[in-house]
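Reading through the structure tokens given below for one structure.
No lab work stands behind these numbers, since they all come straight from the coordinates. Since we're looking at a predicted model, the values are computed, not measured.
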Amino acid sequence: MESDEMQQPEHKLTKIALKVLRGLENENHALKPEELVEKLNLNLRSVRYGLKLLLDADIIVKQPDLGDLRSNYYIIRSRITNPYPAMAET
């Protein structure tokens with residue numbers, strides 16, 4: 001081995017995935033895809049594709065919405081302090 005450091009796998013993210021990531025970076029709480037659609041002015045299909053790529057790259061985490069189990073919240077892995085913003089309001 002050339003070095004003792006662990007090598008991070010390279011993940012090639014599309015422009016859409018990077019835009020979705022930037023949208024999540026600007027928030028301190030988890031967001032639903034519909035919230036990202038409004039915030040980023042993208043269509044829902046593009047946002048979902050970007051989220052899938054970020055999930056596959058292990059950059060974000062998906063958390064179920066306990067108020068509506070048909071939908072999920074997404075948050076950057078390093079910011080998992082309050083993944084359920086809707087629950088904090090009640």
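Here is how the numbers come out for the structure above:
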item	result
Largest-first ellipsoid semi-axes for segment 15-89, taking √(5λ) over the Cα gyration tensor eigenvalues, angstrom	18, 13, 11
Segment 20-33 - phi-based ³J(HN,Hα) in whole Hz, Karplus 6.51/-1.76/1.60, Gly and Pro as x	5, 4, 4, x, 6, 5, 7, 10, 9, 9, 6, 10, 8, x
Segment ARG45-LEU66, extension gain: residue separation times 0.36 nm, minus the distance between their alpha carbons	5.3 nm
